[in-house]
1. Among all residue pairs at least 6 apart or on different chains, which show Cβ distances below 7 Å where the first residue, located in the stretch 63-86, is open to solvent by 20 Å² or more (accessible area, probe 1.4 Å) and the second is among the aromatic types (F, W, Y)?
2. Output the residues belonging to the stretch 45-91 that are among the acidic types (D, E) and within 17 Å of K124 (Cα to Cα).
3. Cβ contacts < 6 Å: first residue under 19 Å from R83 (Cα atoms), restricted to the stretch 45-61; second residue open to solvent by 40 Å² or more (accessible area, probe 1.4 Å) and not in a helix (DSSP H, G or I), any location; separation 6+ or different chain. Result?
4. Which condition breaks for G111 when tested against (1) open to solvent by 60 Å² or more (accessible area, probe 1.4 Å); (2) out of contact with any strand residue (DSSP E or B) (no Cβ under 8 Å at 6 or more places or on another chain)?
5. For residues that are open to solvent by 30 Å² or more (accessible area, probe 1.4 Å) and polar (S, T, N, Q), tally how many sit in the stretch 87-108.
6. Given L140, L122, which one is modelled with pLDDT of 95 or more, outside any helix (DSSP H, G or I), more than 18 Å from D91 (Cα to Cα) and not basic (K, R)?
7. Quick check on this structure: which one of A28, A68 is in contact with a Ser or Thr (Cβ under 6 Å, 6 or more places away or on another chain) and either of a type in the set (D, E) or part of a strand (DSSP E or B) (or both)?
8. Of all residues in the stretch 119-147, which are under 24 Å from A61 (Cβ atoms), touching a Leu at 6+ places or on another chain (Cβ under 9 Å) and open to solvent by 10 Å² or more (accessible area, probe 1.4 Å)?
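The values are calculated or read from the model by the stated rules, or taken from the named source; none is laboratory data. Model, not experiment: these values are computed from the prediction. Cβ sites come from the backbone with ideal geometry, for glycine too, and all protein chains shown count toward neighbours. SASA here: full protein model, heavy atoms, side chains in, ligands and nucleic acids out. Shrake-Rupley method; radii C 1.70, N 1.55, O 1.52, S 1.80 Å.
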Amino acid sequence: MPVAMKKVPQPEHQYDGGTRERCVTVLAVGEHEDDHAALRNIVSHSNWRLRSARTWSEARASLIENPASVIVCDHRLPDATWRDVLNYVADLPEKPVLIVSSRTADDQLWGEVLNLGAYDLLLKPFDQQEVVRVVSLAWLNWKNACEQARKAAMAGAAPRLMVAGA
């Protein structure tokens, strides 16, 4: 007598257990301590997780150990530019959303940031309401993209046969 079988889809990419989907995880990258202090103050009354890095090299190492859903990156870093960061995150499985920050944001930088694929541009000094608005929307965008990618992976996954009742 044949054994009843059912198909069980197999996920195709790694998942961090949902931590980044339940809590905004931000990696702030920039060499100015006053920017990091301002961001710490802004997120201090929330459940957001904020990590800081002074250089892109330090940030990359941090991302390998602890992925982030949102990166707030100064447009000029000691060892890279925001474009270098954008190119790096484009190759990650669950791409963090990049927000560029600048004290001297002009229309050209704004257009370049948006046209090349970063999420938005934040002006410095940071305004609390604007940071909360932009980072919140960026995180929701990231979360939605991850959910869509998982659904697509599940839909395209090769089914695995499993014995019913096993």
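1. Matching pairs, first to second residue: H75/W82; D79/W56; D84/W56.
2. The initial filter retains those residues of the stretch 45-91 that are among the acidic types (D, E), namely 58, 65, 74, 79, 84, 91.
D74, the sole residue that qualifies.
3. Filtered contacts from the stretch 45-61: R54/E31; T55/P78; T55/D79; W56/D79; S57/D79.
4. Of everything listed in (1) open to solvent by 60 Å² or more (accessible area, probe 1.4 Å); (2) out of contact with any strand residue (DSSP E or B) (no Cβ under 8 Å at 6 or more places or on another chain), G111 misses just condition (1).
5. First pass over the stretch 87-108, keeping only residues open to solvent by 30 Å² or more (accessible area, probe 1.4 Å): 87-88, 90-93, 95, 103-108.
Now narrow it down to the ones that are polar (S, T, N, Q): 87, 104, 108.
Total satisfying the criteria: 3.
6. Going through L140, L122 in turn, the sole match is L122.
7. Answer to the selection: A28.
8. If the condition is that a residue be under 24 Å from A61 (Cβ atoms), touching a Leu at 6+ places or on another chain (Cβ under 9 Å) and open to solvent by 10 Å² or more (accessible area, probe 1.4 Å), then Y119 is the only one that fits.
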